[in-house]
Amino acid sequence: MLLKVNRWSMVPLLRAGLGPWIGTPIGGYLLLLRARGRRSGVVRETPLSYVVAEGAAWVCAGIGPSTQWYRNVLADPNVDVVLPGRTIACVARDVRDPAVRRRIMPILVRAIGLPAALGGVDPRRATDEQILDAFDWVPLIRLRPVDAPLAAGPDDPGGTAWIWRQAVIFGLTIAVAKWSFVRARRMLTGR
């Protein structure tokens, strides 16, 4: 089911450049990973929660080592990453160094937002140690840009551009609801 939701909604939205309109601290932020299939050679697109830190984008294989996109990047680490406002050629690396995981995993899990709670930990209230314990089995992947280090933008986790976008969505929702109410009332009263 989740694969169908991703394929038919999230991938087209991210492909269309609407990632900044989707990302919030509550629901998390998404990038689009383009990786070549290890058997088919076909480029596959996968929406993933991410964080930008230490000059790279970081993602995790939340389902574990059997995750298909994870297995694909192990076979061919040359990937493209679609971030809000930019597409970057990257090299994907599985990071197992405990010191790096200790620095990055808590930041990443908190950037994922409420979906991270599926891992059994409330990322807003959990300590770094609780997060590390809960996600110790989850592969951590660094997406290092080929050309230059990556810097976080206003649409990336930790940025504030989501605030005005959500205000616009809220305002439009209120305007449409009001218009619908007035129109329905006119239809009922015949005026």
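The values are calculated or read from the model by the stated rules, or taken from the named source; none is laboratory data. Since this is a predicted model, take the numbers as computed values, not measurements. We place every Cβ from the backbone using ideal geometry, glycine too, and count neighbours over all the protein chains shown. Side chains are part of the model used for accessible areas, which takes the heavy atoms of the whole protein and leaves out ligands, DNA and RNA. Shrake-Rupley method; radii C 1.70, N 1.55, O 1.52, S 1.80 Å.
Data for the structure
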{"read-out": "Test item: Cα-centred dipole of the range 48-127, Lys/Arg +1 and Asp/Glu -1 on Cβ, debye", "value": "300 debye"}
{"read-out": "Percent carbon-and-sulfur accessible area, the range 74-191, ignoring ligands, DNA and RNA, probe 1.4 Å", "value": "61 percent"}
{"read-out": "Simple spin-label estimate for residue 160 and residue 15 in nanometres, 7 Å along Cα-Cβ", "value": "3.5 nm"}
{"read-out": "Contour excess over end-to-end distance, with Cα ends at residue 44 and residue 76 and 0.36 nm allotted per residue", "value": "10.3 nm"}
{"read-out": "For the chain, accessible area per residue (1.4 Å probe, heavy atoms of protein chains only), Å²", "value": "59 Å²"}
{"read-out": "Virtual spin-label span in nm between residue 176 and residue 100, 7 Å along Cα→Cβ", "value": "4.3 nm"}
{"read-out": "Where labels lie 7 Å past Cα in the beta-carbon direction, separation of residue 137 and residue 168 in nm", "value": "4.2 nm"}
{"read-out": "Euclidean distance of C-alpha centroids, the range 161-191 and the range 54-123, integer Å", "value": "38 Å"}
{"read-out": "Lys, Arg +1 and Asp, Glu -1 on Cβ, resulting dipole of the chain about Cα centre, debye, nearest 20", "value": "1000 debye"}
{"read-out": "Computed [θ] at 222 nm, helices only, for the chain once each DSSP H run of length n ≥ 4 contributes -39500 (n - 2.57)", "value": "-11000 deg cm²/dmol"}
{"read-out": "Peptides ranked, highest mean first, by Cβ atoms within 10 Å: ranges 82-93, 170-181", "value": "82-93, 170-181"}
